[in-house]
Amino acid sequence: MSIPFDLEKSNYIQMKKDIIISGVGGQGIVSMAAIIGTAALESGLNLKQSEVHGMSQRGGDVLSNLRYSDKPIASDLIPEGKADMIISIEPLEALRHLPRLSMEGWIITNTNPYNNIENYPDIEGIISEVRKIPNHILVDADTIAKDLNARRSTNVIILGAASEHLGFELAVLENAIIKLFEKKGSKVIDQNITAFYKGRELAHS
């Protein structure tokens with residue numbers, strides 16, 4: 001792995017990311033974590049990950065703590081207020097973990113709710129709270145996935161929206177996507193690569 005430098009100060013810049021990935025069962029949280037984890041390992045980084053699954057396989061909350069660094073990592077759990085990023089496929093689940101986001105951290109979330117609880121809060125209120133975070137990206141990933149005829153690629157669209165802040169070269173992330181879906185054939189791979197770049201494009205816009 002090439003060593004990053006600050007050209008003005010010629011100081012070594014540490015590669016370190018603490019990321020929370022959240023959503024509900026069936027939304028592809030584990031797959032998203034696998035793509036990022038693969039990219040980290042292929043970049044020669046240390047990696048620690050933990051996952052928490054809710055009561056239900058589909059519809060229960062799912063949380064992944066993902067930490068990668070060029071230095072040794074002591075724990076697989078991210079302390080409160082230390083997460084560099086919250087990536088979520090469900091907006092209410094994004095808000096649930098806000099206390100763990102650092103002051104400079106990013107929140108990247110889908111805008112479409114998964115109404116898996118009674119009295120689900122008003123979605124406009126949830127989006128309003130997300131907008132209060134200085135560094136945020138909101139993406140209507142469900143609609144985009146439908147338009148792309150790739151309904152199961154919502155998670156990869158959100159990943160694409162977050163990709164600029166992950167610290168990896170695009171080729172590394174693209175190869176990680178290919179590895180995850182290679183057993184499902186070229187059509188599924190192509191759908192997910194397209195979804196990834198669409199999410200990245202929307203984050204820029």
**Q.** Positive-pole candidate from GLY185, ALA203, ALA83, dipole of the chain, charges at beta carbon
**A.** GLY185
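Please say if segment 75-125 is rounded, prolate or oblate, where rounded means a/c under 1.5 for a ≥ b ≥ c the square roots of the C-alpha gyration tensor eigenvalues, and otherwise the choice is prolate for a/b larger than b/c and oblate otherwise?
Here segment 75-125 falls in the prolate category.
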Q) Given the Cα-Cα distance of ALA171 and ASN119 and 0.36 nm per residue of separation, how much length would full extension add, in nm? A) 14.4 nm
Q) Given a 1.4 Å probe, how much area per residue of the chain is accessible, in Å²? A) 53
(Q) How many angstrom lie between the Cα centre of segment 128-201 and the Cα centre of segment 66-111? (A) 18
Q: List every residue whose amide H lies under 5 Å from the amide H of ASP140, counting only residues 5 or more places away in sequence or on a different chain, with H placed 1.01 Å from N in the peptide plane.
A: THR111
(Q) Let me confirm the definition first: pairs of Lys residues in segment 49-189, 8 or more apart or on different chains, C-alpha distance under 22 Å. How many are there? (A) 5
Q. With all protein chains present and a 1.4 Å probe, how do ARG67, ARG151 order by accessible area, largest first?
A. ARG151, ARG67
Q | Extension gain, VAL52 back to SER69 (0.36 nm per residue minus Cα-Cα distance, nm) | A | 4.0 nm
(Q) Would segment 99-164 count as rounded, prolate or oblate if I go by the C-alpha gyration tensor, calling it rounded below 1.5 in a/c and otherwise prolate when a/b exceeds b/c, oblate otherwise? (A) oblate
Q: Sort the following peptides by mean Cβ neighbour count (other Cβ atoms within 10 Å, averaged over residues), highest first: 113-124, 152-163.
A: 152-163, 113-124
(Q) Return the Rg/Rh ratio of the chain with Cα-based radii and a Kirkwood Rh. (A) 0.96
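Viscosity 1.002 mPa s, temperature 20 °C: Stokes-Einstein D of segment 83-203 from its Kirkwood Cα radius, in µm² per second?
The calculation lands on 144 µm²/s.
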Q | Local electrostatic count, TRP106, Cβ distance below 11 Å [Lys/Arg +1, Asp/Glu -1] | A | -2
Q | Student exercise, the chain dipole from Lys, Arg, Asp, Glu Cβ charges, in Debye to nearest 20 | A | 440
Q. Just from its helices, what would the mean residue ellipticity at 222 nm be for the chain, if runs of 4 or more DSSP H residues each count -39500 (n - 2.57) and the sum is divided by every residue, rounded to the nearest 500 deg cm²/dmol?
A. -11000 deg cm²/dmol
Q: Output the relative contact order of the chain, whole-number percent, from Cα pairs under 8 angstrom with separation of 6+ residues.
A: 19
Q | Antiparallel DSSP beta bridges within the chain, as percent of all bridges there, nearest 5 | A | 60
**Q.** Heavy-atom accessible area ranking, 1.4 Å probe, most first, across VAL188, VAL24, VAL52
**A.** VAL52, VAL188, VAL24
Q) For LYS183 and VAL30, what is the calculated FRET efficiency with R₀ set at 25 Å and r taken between the beta-carbons, to the nearest 0.05? A) 0.95
Q: In whole Hz, with x marking every Gly and Pro, tabulate ³J(HN,Hα) for segment 151-159 from phi via Karplus 6.51 cos²θ - 1.76 cosθ + 1.60, θ = phi - 60°.
A: 4, 8, 9, 4, 5, 6, 5, 5, 4
Q | Solvent-accessible area of LEU173 with every protein chain in place, 1.4 Å probe, in Å² to the nearest 10 | A | 0
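The values are calculated or read from the model by the stated rules, or taken from the named source; none is laboratory data. Just so it is clear, the model here is predicted, and its values are computed rather than measured. So basically every Cβ, Gly included, is an ideal-geometry build from the backbone, and we count neighbours across all protein chains shown. Ligands, DNA and RNA are stripped out before the accessible areas are found, and what is left, the full protein with its side chains, is counted by its heavy atoms. Shrake-Rupley method; radii C 1.70, N 1.55, O 1.52, S 1.80 Å.
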